[in-house]
Amino acid sequence: MSDAVNNLANLTALVNIMANGCEILGIACGAPNLIMSWVPSACGCPGYSLKIAAASVVLIVGGLASPGLINWSVATGGPGLAIVMGVICVLIIGGLFLLLTFLPTIIAYREDRPQKLWITVLNLCLFIPFNQQIALVWAAKAPPQRLDDTLNVNDHR
């Protein structure tokens, strides 16, 4: 009997860790991205700002809702349903986290930036403070326009 109680306590602890992790990850990733969602529009890539803001809001709301959702599933369906709901929350929040974390790399490759390799390297350096925001500005910044070489100023007609 005590083994079953210990296993149930361990499952409940695991589910609580998953719920709290989703909440922290959702807020910690969603809030800075929501604040920085204006950057692509300011740098010349207006199509990405609304997508970043929407994904950030979903991440924050999902992070805040995951502990309540998991606690509700424990109360109604027991630990089995709680584990399933916990895994679903972790997959959704984790997927959005990865999407927003590597969004500068996605923008750089979709916009075919010449520095896309260096943007990816900077984006992978997660230990550098504000690396994602720097990479986002770098990736969203429009490349400088080149002058047309066919124009000849000495050509008078």
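The values are calculated or read from the model by the stated rules, or taken from the named source; none is laboratory data. Source: prediction; values computed, not measured. Because the Cβ atoms are built from the backbone with ideal geometry, glycine has one as well, and the counts that use them run over all protein chains shown.
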Qualifying residue in segment 110-125 (condition: under 16 Å from the mean Cα position of the chain (by Cα) and in contact (Cβ under 8 Å) with a residue 24 or more places away in the chain): no
Verdict on Phe97 being of a type outside the set (Lys, Arg) and in contact (Cβ under 8 Å) with a residue 12 or more places away in the chain: yes
Residue among Asn33, Asn123 that alone is touching a helix residue (DSSP H, G or I) at 6+ places or on another chain (Cβ under 7 Å), modelled with pLDDT of 85 or more, part of a helix (DSSP H, G or I) and of a type in the set (S, T, N, Q): Asn123
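So that you can scan it fast, the table gives a plain yes or no per residue for (1) more than 30 Å from Ala140 (Cβ to Cβ); (2) assigned by TED's automatic domain parsing to the domain that holds Leu136; (3) touching a residue at least 40 places away in the same chain (Cβ under 8 Å):
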| residue | (1), (2), (3) |
| --- | --- |
| Pro40 | no, no, yes |
| Cys43 | no, no, yes |
| Trp72 | yes, no, no |
| Gly78 | yes, no, no |
| Ile83 | yes, no, yes |
| Ala108 | no, yes, no |
Residue check, Ser56 crowded, with 18+ Cβ neighbours inside 10 Å and part of a helix (DSSP H, G or I): yes
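Any idea which of Leu50, Leu96 is modelled with pLDDT of 80 or more, out of contact with any strand residue (DSSP E or B) (no Cβ under 6 Å at 6 or more places or on another chain) and either surrounded by 19 or more Cβ atoms within 10 Å (Cβ to Cβ) or at positive phi (or both)? Steps first, answer last, please.
Working: Leu50 fails: either surrounded by 19 or more Cβ atoms within 10 Å (Cβ to Cβ) or at positive phi (or both).
Going through Leu50, Leu96 in turn, the sole match is Leu96.
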